[in-house]
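Values in this text are rule-based calculations from the coordinates and carry no lab data. Just so it is clear, the model here is predicted, and its values are computed rather than measured. Every residue, glycine among them, receives a Cβ derived from its backbone with ideal geometry; neighbour counts consider all protein chains shown.
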Amino acid sequence: MRRPTTTALVLVASAALTLSACGRAETDGAGGEPQTGTDVAEGAADGTITVWAMGAEGEKLPDLAAQFEEENPGAKVNVTAIPWDAAHDKFTTAITANSLPDAAMVGTTWMGEFAGLDALDPLPENLEVDGFFEGAQGTTEVDGTSYGIPWYVETRLLYYRTDLAEQAGFDEAPTTWEGLKEMAKAMQTEAGAEYGIGLQAGGTGSWQTVMPFAWGEGAELTDGEGYTFDTPEMLEAVEYYQSFFDEGIANKSAPAQPTTEPDFVSGDVPMFISGPWMMSAVEEVGGEGFEDKYSVAKIPEGSAGSSSFVGGSDFVVFKSSQERDTAWKFVEFLADPEVQATWYDMSTDLPSVQSAWDTDALASDEKLSVFGEQLETAKAPPSYPTWEQVVASLDTELEKVTKTGADPAEALKTVQQQADSIGTGQ
Amino acid sequence: MLGSRKQQYWLYGVLAVALVAVIAPFVWMVLGSFKTTGELRQSPPTWWPETATLDNYTQLFARLDFGGYFTNSIVVATAVTAGNLVFCSMLGYALAMLDFRGKRALFVVVMTTLMIPGVVTFVPLFVLVANAGLVDTLPGLFLPFLVSPFGVFLMRQFILGLPRDLVDAGRVDGAGELRIYWRIILPLCGPALATLGILTFLGSWNNFLWPLVVAQTEQSYTLPVALALYSTGQNSTQYGLLLAGATVVVLPVLVVFMIFQRRFIEGIATTGIK
Amino acid sequence: MTATTAPPAPPGETTAPGGGKRTRAAARAEGRAAWILALPFCLLFLVFTLWPVVQSLFMSFTDTRSRDLRTPFNVNVIGLENYTRAFADPVFRQAMANTAYFVLVGVPLTLTVALAAAVALNRGISKLRGVFRLGFYTPVITSIVAVAVVWRFLLETDYGLINTALAWVGIDGPNWLGDPNWSMPSLIMMATWRNFGTGMIIFLAGLQSVPWHLHEAAAIDGASAWQRFRHITLPMMRPTILFVSVTTGIGYLQFFEEPYVMTSGGPLNSTISMSMYTYNQFGFGNYGFAASLSYIIFVIVAVVTAIQFRLLREND
């Protein structure tokens, strides 16, 4: 087209040129030494703080906060509930525009990114918060510095149909890799299952099912310097995972949106690996009495024991907070074992503080206590800001491994290369 | 009318089959909002609710301050729609019927921005709105969307299709350009304004990400943001709540569509371009 | 452009027929009026669209990551590196091929269905027009979540409605969403279904300006329905067809929601689109790279739009 377009282009280009005079400052100063926040003042909290929390937690938190306000008459907590959908986008834009609340619940995998954005206040040393599950504690630590507390946790277990297992000749859950595969095969041959076990055939989030096996073999995802995917332990786990698909025990062409619950209830796929929310989900589909037809078990042991993935949410205080002391005191309150137990009653979110599991409600529930056991050895991925991007390439390669029978060693090599070129982002 | 009786029957038959195929998901959405979560997870899915329940709706309304969110949504969508109808038709008329310096450049720039994916300007736009102190205000929700390149393009294309004689006749009668726009052109734009109105209202009504980010307290949430609050969890989705919410969001849009649909037909009758 | 008036104006002349030459003063008044009409749009547009666009364009030439957003000018300008990296990226190349496939099949299909529906509703039938119009528009306003659930049900391999229907005529239907060869056709079907309603109502608006008496006259002269459509309706609808094909083309080149809710880009990246890949990069915090991907999409869209303008040329 004619001249006017050229004029517009020139305008844009010159604007870009004038801006381009600036360059990146050398270092951000954040890296290096582990930090702790300055001490929080003694005494009761006062002042008003704003807190963000997602979904159902955001809805129920005000009731818990009322208890905090009762204990600290001068303090007021305003909770804003935000939807899980796009919550991450809301946080990053708020960080950019400096319009953050005082404290917030955040997803465990966002910690590295937010700390890298210099938005989080390091945990003050004189705060009385401890006794968390080790893996959960790890989610709050970025480069040696702890930025907040694990608020509640979840982990992944093996779900299996007890009635069908019996039919297949098993009255106990498998504890070894071979045992798991044998049982899955027997489910197909003896108990009429279409597939022995439901495993995600690669794609988004499939690493959460593969890593429990790799961790059980003693795999480490980082050596402190960078990512380590191309290791014998990882290879062991990926080969094992692939064998389920190669031998037709798991479905390699399952739809993107799995039908886990109905398949479990019908017995078509009588085993799968998932988190605590699946208990109510399968019971809703299964109807009355279904809770006696299935059970949960720890992830079968590799040579280094049983491990799993630990998820959940952390609670942080932002650097920009004007009421920092009150915000941290609120966090301290949330980490109190009794408050954690109360919170379980209100929300059914599993406590991150180990001693909170001694209360009746949790200790008496057979299935829940297995989650408690698994949490002791469950692990979290490294909290590098680039983790989500790196793991996306692992998910993509896992899809090739499970669906097209690609070589696991090659796949891990590819992931390693991509991880190296992306870097840790710290 | 076109064609014979027989042709008409055929056409009705084809359209009826198409209609059933086309509205099925909508019907399923509405029916699904009366099902329990357990039933929604069943496979294969059911059509009729086995045990119809109002639980999803009672839960939704018990948990939400519905009136406030509804008002916010109405204010924002109405402002955005009004802005687009007025400002875009003004420029559309100028681009279609008038000669002025910079006309071509203006059109090219407008068309150019129409092609830039929205996600890329999201962050700079939010920083701008935040710096202007508009975060957590209703103007912050609607100001950035009062005009759209799409609206200009639509109005320009429609006005191009109107007889040019109308403008010339107006000039001969001594009417000014603004008067021609307001008195002669705009009344003829009924169908196009109805179309733009429907599309703009719908887009603004369903907008999720922008109000989520700009609204910092629940007082300025719009309906889609509020309805998303409890339906999606960290690891699971409550389909019943989700479908009930989607149904609630869609109802006002259906009403708007039906109103504008009538304007559509009036447009045919009043313009006289039969 | 004067295609709609029965006697076309003499070429090269914008003066009123029979009104004599317009004076300079009149032309100036016209220009002034035009800018007054354009002013509100231009002000809002400048602030809320153009400025963010310029900023993001700058970003595409830098190594901006999410951690730099607080200090947007404190980054390195790396020239075209983001762009060369994008073209070297095998996943992005596949995304480009997927998007091309989607657009080349999807746009003509959507346009045809939309136009057919509009013509049928406009003059083909005499009753229940409102019902059909509303019905055909419901996919546009149905929540994407409900759409996803129902379409997954329709496309299911064993008991899905589509494969059940195919089985009646003896065809063994494919694993629509699970097979890399069939996943894209599934999404094209779904996108057509979801978007033809918008095209339809715009066509309905455009059809109002087709003079009906021409049709009647042609029918008396013995022209068939198809001939009348081809020689009267189509030429008169040109600005509207251009509009719908351009906006549908732009929308489809940026297609995102269908793979996002249905397949997450799989199986084996067979449905990942340019926009979805860009969105992922934004999510990873690679703002500079993602911005450059957006501008690659933009350039492609601009070229395609220019071609569409050329093909459906406006004689101005």
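Can you sort C:Cys42, B:Cys88 so the residue with the fewest Cβ neighbours within 10 Å comes first?
On the way: C:Cys42 18, B:Cys88 28.
By the 10 Å Cβ count, ascending: C:Cys42, B:Cys88.
Got the relative contact order for chain A handy, in percent, Cα pairs under 8 Å and 6 or more residues apart?
Working: 756 pairs, mean separation 107.6, N = 426.
Relative contact order, chain A: 25 percent.
Could you tell me which helices of chain B pass both thresholds, a Cα extent of 30 Å or more along their own axis and a mean Kyte-Doolittle hydropathy of at least -0.5, with helices taken as whole DSSP H runs? Walk me through the numbers before you get to the answer.
Values: long enough: B:5-32 (39 Å, 1.24); B:239-271 (46 Å, 1.55).
Qualifying helices, which must be both long enough and hydrophobic enough, are B:5-32, B:239-271.
Give me the one-decimal Kirkwood hydrodynamic radius in Å for the protein assembly as shown, with the sum taken over alpha-carbon pairs. It would help to have the intermediate numbers written out before the result.
Numbers: mean 1/r = 0.0322 Å⁻¹.
The answer is 31.0 Å.
Please report the net charge: other residues with Cβ closer than 13 Å to the Cβ of C:Met200, K and R +1, D and E -1.
Numbers: positive: C:Arg129, C:Arg133, C:Arg194; negative: none.
That works out to +3.
Quick one: grab the alpha carbon gyration tensor of chain C, order the square roots of its eigenvalues as a ≥ b ≥ c, and give me rounded if a/c is under 1.5, else prolate or oblate depending on whether a/b is larger than b/c.
oblate
Using only DSSP helix segments of four residues or longer, with each worth -39500 (n - 2.57), what per-residue ellipticity at 222 nm results for the protein assembly as shown after dividing by its residue count and rounding to 500? It would help to have the intermediate numbers written out before the result.
Numbers: 45 runs with 564 residues, N = 1016.
After summing the helix terms and dividing by residue count, I get -17500 deg cm²/dmol.
About its Cα centre, how strong a charge dipole does the protein assembly as shown have in debye, to the nearest 20, once Lys and Arg get +1 and Asp and Glu get -1 at the Cβ? Before the final figure, lay out each step's value.
Working: 58 positive and 101 negative charges, 1979 e Å.
Once rounded to the nearest 20, the dipole reads 9500 debye.
Among B:Asp55, B:Asp65, B:Asp165, which one moves the most in a GNM of chain B with springs linking Cα atoms closer than 10 Å?
Judging by the Gaussian network model, the answer is B:Asp165.
For A:Lys319 and A:Glu239, calculate 0.36 nm times their separation in residues minus their Cα-Cα distance, and state this gained length in nm to one decimal.
Here the answer is 24.3 nm.
Compare the peptides A:331-340, A:404-413 by average per-residue count of other Cβ atoms within 10 angstrom and give them in order, highest first.
Details: A:331-340: 19.4, A:404-413: 16.8.
My ranking of the peptides, most packed first, is A:331-340, A:404-413.
Among A:Gly311, A:Gly372, A:Gly205, determine the one that fluctuates most according to a GNM of chain A built with springs between C-alpha atoms less than 10 Å apart.
A:Gly205
When chain C is modelled as a GNM with alpha-carbon springs shorter than 10 Å, which of C:Pro239, C:Pro211, C:Pro185 fluctuates the most?
Top of the fluctuation ranking is C:Pro211.
Report the label-to-label distance for C:Phe73 and A:Gln67 in nanometres (one decimal), using points 7 Å from each Cα along the Cα→Cβ vector.
So the label points at C:Phe73 and A:Gln67 sit 5.1 nm apart.
Compute the FRET efficiency between B:Leu11 and C:Leu166 as 1/(1 + (r/R0)^6), taking r as their Cβ-Cβ distance and R0 = 25 Å, and round to the nearest 0.05.
Details: r = 26 Å, r/R0 = 1.03.
Rounded to the nearest 0.05, the efficiency is 0.45.
Using 7 Å Cα-to-Cβ label points, what is the A:Thr38/B:Thr137 separation (nm, one decimal)?
The modelled label-to-label distance comes out at 3.3 nm.
Which net charge results for the neighbourhood of A:Ile299, defined as the other residues with beta-carbon distances under 13 angstrom from its beta-carbon, given Lys and Arg at +1 and Asp and Glu at -1? Write out the running numbers ahead of the final one.
Details: positive: A:Arg156, A:Lys298, A:Lys379; negative: A:Glu217, A:Glu301, A:Glu373, A:Glu376.
Charge balance in the 13 Å sphere: -1.
Can you tell me the relative contact order of segment B:64-229? Whole percent, Cα pairs under 8 Å, sequence separation 6 or more. Walk me through the numbers before you get to the answer.
Details: 155 pairs, mean separation 72.8, N = 166.
Once normalised by length, the contact order is 44 percent.
Can you give the FRET efficiency for A:Asp292 and A:Ser355, using 1/(1 + (r/R0)^6), R0 = 25 Å, r = Cβ-Cβ distance, to the nearest 0.05? Write down the numbers at each step before the final one.
Values: r = 30 Å, r/R0 = 1.21.
About 0.25, to the nearest 0.05.
Which value, in debye to the nearest 20, gives the size of the charge dipole of chain A about its Cα centre, when Lys and Arg are +1 and Asp and Glu are -1 at the Cβ? Before the final figure, lay out the partial values.
Numbers: 21 positive and 73 negative charges, 446 e Å.
Computed charge dipole of chain A: roughly 2140 debye.
Among B:Leu60, B:Val110, B:Cys189, which residue has its Cα positioned farthest towards the positive end of the charge dipole of chain B, with +1 placed on the Cβ of Lys and Arg, -1 on the Cβ of Asp and Glu, and the dipole taken about the Cα centre?
B:Cys189
What does the charge count near C:Ile141 come to, summing +1 for each Lys or Arg and -1 for each Asp or Glu among other residues with Cβ under 15 Å from its Cβ? Present the calculation step by step, with values, prior to reporting the outcome.
Values: positive: C:Arg133, C:Arg194; negative: C:Glu257.
Summing Lys/Arg as +1 and Asp/Glu as -1 gives +1.
Search the structure for amide H atoms under 5 Å from the amide H of A:Thr222, placed 1.01 Å from N in the peptide plane, and list their residues when 5 or more places away or on another chain.
A:Thr228
First measure r as the distance between the Cβ atoms of C:Arg313 and B:Met258, then evaluate 1/(1 + (r/R0)^6) with R0 = 45 Å and state the FRET efficiency to the nearest 0.05.
Values: r = 38 Å, r/R0 = 0.83.
Taking R0 as 45 Å, the efficiency between C:Arg313 and B:Met258 is 0.75.
If you keep only loop residues by DSSP, which GluC sites (Glu not before Pro) in segment A:115-222 have at most 15 other Cβ atoms within 10 Å of their Cβ? Let's see the in-between values first.
Values: sites: A:Glu125, A:Glu128, A:Glu134, A:Glu141, A:Glu154, A:Glu166, A:Glu172, A:Glu178, A:Glu182, A:Glu190, A:Glu194, A:Glu217, A:Glu220; in loops: A:Glu125, A:Glu128, A:Glu172, A:Glu194, A:Glu217, A:Glu220.
Of the GluC sites (Glu not before Pro), the ones in loops of segment A:115-222 whose Cβ has at most 15 other Cβ atoms within 10 Å are A:Glu125, A:Glu128, A:Glu172, A:Glu194, A:Glu220.
Which is farthest toward the positive dipole end of the protein assembly as shown among B:Val253, A:Leu221, B:Phe150, measuring Cα position about the Cα centre, with Cβ charges +1 (Lys, Arg) and -1 (Asp, Glu)?
B:Phe150
How high is the relative contact order of chain C, in percent, with contacts defined as C-alpha pairs under 8 Å that are six or more residues apart? Each step should come with its number before you reach the end.
On the way: 304 pairs, mean separation 84.0, N = 316.
Once normalised by length, the contact order is 27 percent.
Pull up all non-local amide H partners of A:Ser274: gap of 5 or more, or a different chain, and H-to-H distance under 5 Å with H placed in the peptide plane.
A:Leu157, A:Tyr159
Hey, if you put +1 on the Cβ of every Lys and Arg and -1 on every Asp and Glu Cβ in chain A, which of A:Pro385, A:Ala341, A:Gly287 ends up farthest toward the positive end of that dipole?
Going by the charge dipole, the pick is A:Pro385.
Treating the beta-carbon of each Lys and Arg as +1 and of each Asp and Glu as -1, no other charges, what is the dipole magnitude of segment C:228-316 about its Cα centre, to the nearest 20 debye? Before the final figure, lay out the partial values.
Working: 5 positive and 4 negative charges, 87 e Å.
Charge dipole of segment C:228-316: 420 debye, to the nearest 20.
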